[in-house]
4 protein chains.
Amino acid sequence: MENKDLIKKIIAFREERNWEQFHSIKDLCLGLSIEVSELQEFFLWKTNEQINSIKIEKKEHIADELADIFIFLAYLSNDLGIDLDKAIVTKIDKNDDKYPIEKSRGSNKKYNEL
Amino acid sequence: MENKDLIKKIIAFREERNWEQFHSIKDLCLGLSIEVSELQEFFLWKTNEQINSIKIEKKEHIADELADIFIFLAYLSNDLGIDLDKAIVTKIDKNDDKYPIEKSRGSNKKYNEL
Amino acid sequence: MENKDLIKKIIAFREERNWEQFHSIKDLCLGLSIEVSELQEFFLWKTNEQINSIKIEKKEHIADELADIFIFLAYLSNDLGIDLDKAIVTKIDKNDDKYPIEKSRGSNKKYNEL
Amino acid sequence: MENKDLIKKIIAFREERNWEQFHSIKDLCLGLSIEVSELQEFFLWKTNEQINSIKIEKKEHIADELADIFIFLAYLSNDLGIDLDKAIVTKIDKNDDKYPIEKSRGSNKKYNEL
């Protein structure tokens with residue numbers, strides 16, 4: 001599916017409920033970080049082994065959290081006038097330049113430490 | 001562009017650099033919340049009027065942050081074995097049930113308070 | 001009360017439960033951002049007027065969230081070998097230098113934009 | 001040093017700069033999560049061994065981030081009319097009840113799973 005079409009669906013959902021009035025940029029930012037924390041909660045304190053079980057047992061709930069994060073990203077990109085697909089492709093290209101394969105391969109350093 | 005293809009590009013980028021070894025689920029969660037904060041920083045303390053200017057003046061930088069958030073979402077969905085497109089469509093349907101239009105229209109209440 | 005004494009109480013609580021084994025620095029960081037989100041949830045989508053009511057109606061719950069944030073800060077400062085009181089006093093002094101009163105008064109600019 | 005006195009110093013710093021006007025509860029929440037991310041950045045992607053070195057090498061910078069988190073907590077507790085010391089002591093007592101030593105010792109389960 002295209003991001004564009006997913007975003008259209010998400011914006012239509014909001015319009016039908018007349019929720020734009022609550023969606024200030026700051027609130028969308030807050031909402032986004034709340035959703036990220038809901039994802040994090042599944043893994044807090046857990047060992048790698050436990051995480052492997054949780055991935056399977058709670059797959060549907062985890063999928064919901066990933067979707068919620070995307071939904072906030074959709075609202076933000078729409079309200080900020082940003083073409084998300086184009087932004088992603090551009091950023092992957094920039095990262096290609098910042099992290100040349102030969103220099104960054106197998107390294108956990110930031111680009112400015114390479 | 002299809003979400004699936006964007007995610008493929010992002011995973012290929014990682015494979016070329018052999019970065020999977022650093023990408024534990026907890027690290028990806030931390031990375032995701034760091035990217036969200038980098039987006040938030042553009043708007044902190046700002047008035048609505050200032051936000052309207054920032055949206056235009058810093059559009060390219062803001063687009064990069066949105067893209068970074070998507071990139072982490074792509075890694076997480078891949079590593080958690082979740083089909084992101086399907087998760088989003090499923091979640092929109094669930095939200096449709098949780099927030100019936102007639103009950104939730106114009107309201108900022110949570111579904112369990114409606 | 002002294003921060004030192006609060007931190008001692010918090011560390012004793014943990015020792016009695018033998019929870020140090022789960023408290024990696026990354027987990028404490030994750031836990032801290034989860035607690036911050038729990039605080040944020042009280043205010044998401046709310047108008048200023050609604051926030052003024054929530055402050056009063058949910059005071060006890062909000063106080064619990066602030067305390068939880070402090071508890072994680074206590075664990076982190078202990079485990080990172082940092083004297084929290086000294087760190088705070090030092091940082092206030094640094095901020096005094098970064099934001100001289102005459103330059104920063106009434107301004108929402110960052111120190112490097114002043 | 002008493003928490004109360006630290007908070008007084010922090011509020012006095014703000015008053016001298018007339019920054020209350022920017023400190024809405026939502027902005028303080030955003031600021032708090034930005035500071036948490038700045039702390040997280042020190043540890044992202046790092047191995048346990050690397051974290052042990054970073055703790056020492058970047059101690060001063062890490063201490064600054066912990067202090068910044070406390071500073072936001074101080075603003076929030078002041079503006080929400082909450083006595084932070086009392087909130088912390090109350091919460092430790094609640095946690096004592098939620099996590100009885102005999103049941104929670106050595107376990108990473110949440111209180112509602114014990």
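The values are calculated or read from the model by the stated rules, or taken from the named source; none is laboratory data. What you are looking at is a predicted structure, and each value in this text was computed from that prediction instead of being measured. Ideal geometry is used to build each Cβ from the backbone, glycine not excepted, and the neighbour counts take in all protein chains shown. Calculation scope for accessible area: heavy atoms of the full protein, side chains included, ligands and nucleic acids excluded. Shrake-Rupley method; radii C 1.70, N 1.55, O 1.52, S 1.80 Å.
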Percent carbon-and-sulfur accessible area, the range C:3-82, ignoring ligands, DNA and RNA, probe 1.4 Å: 47 percent
A from C by rotation - nearest chain C beta carbon to the axis, in Å: C:S37, 2
Cα gyration tensor category, rounded, prolate or oblate, for the protein assembly as shown with a/c compared to 1.5: rounded
Max mean-square fluctuation residue, GNM over chain C, Cα-Cα springs under 10 Å, options C:S37, C:S104, C:S77: C:S104
Accessible area that becomes buried as D packs against C, both chains, 1.4 Å probe, Å², nearest 100: 5900 Å²
Three-way shape call for the range A:1-109 based on the alpha-carbon gyration tensor, with the a/c threshold at 1.5: oblate
Per residue, in Å², the accessible surface of the range A:3-82 once ligands and nucleic acids are set aside, probe 1.4 Å: 39 Å²
Gap separating the Cα centres of the range C:42-114 and the range A:81-113, nearest whole Å: 33 Å
Residues of type lysines that A:K91 reaches as a straight line, Cα spacing below 21 Å, ignoring anything fewer than 8 places off in the same chain: A:K4, A:K103, A:K109, A:K110, B:K4, B:K8, B:K9, B:K55, B:K58, B:K59
Within chain A: Cβ-based charge dipole about Cα centre, in debye rounded to nearest 20 (Lys, Arg +1; Asp, Glu -1): 440 debye
Within a Gaussian network of chain A (alpha carbon springs, distance under 10 Å), most fluctuating of A:I92, A:I82, A:I25: A:I92
Label spacing, shortest first and in nm, from B:K59 to its equivalents in the remaining copies (7 angstrom along Cα→Cβ): 4.2, 4.8, 4.9
Helix-only [θ]222 nm of chain C, DSSP H runs n ≥ 4, -39500 (n - 2.57) each, per residue, nearest 500: -23000 deg cm²/dmol
GNM flexibility winner over chain A from A:L80, A:L39, A:L28 (Cα, springs under 10 Å): A:L80
Using θ = phi - 60° and Karplus 6.51 cos²θ - 1.76 cosθ + 1.60, couplings along the range B:49-57 (whole Hz; Gly, Pro as x): 5, 4, 4, 4, 6, 4, 3, 7, 5
Longest segment of chain D lacking trypsin sites (Lys or Arg not before Pro) that sit in a DSSP loop with at most 15 other Cβ atoms within 10 Å: D:1-57
In Hz, Karplus ³J(HN,Hα) per residue of the range C:5-18 (6.51, -1.76, 1.60; θ = phi - 60°; x = Gly, Pro): 6, 4, 4, 4, 4, 5, 5, 4, 3, 5, 5, 4, 9, 6
Label 7 Å beyond Cα on the Cβ vector: C:K9 copy-to-copy distances, nm: 2.1, 5.0, 5.4
In Hz, Karplus ³J(HN,Hα) per residue of the range B:63-78 (6.51, -1.76, 1.60; θ = phi - 60°; x = Gly, Pro): 4, 4, 5, 4, 4, 4, 4, 4, 4, 5, 4, 5, 4, 4, 5, 4
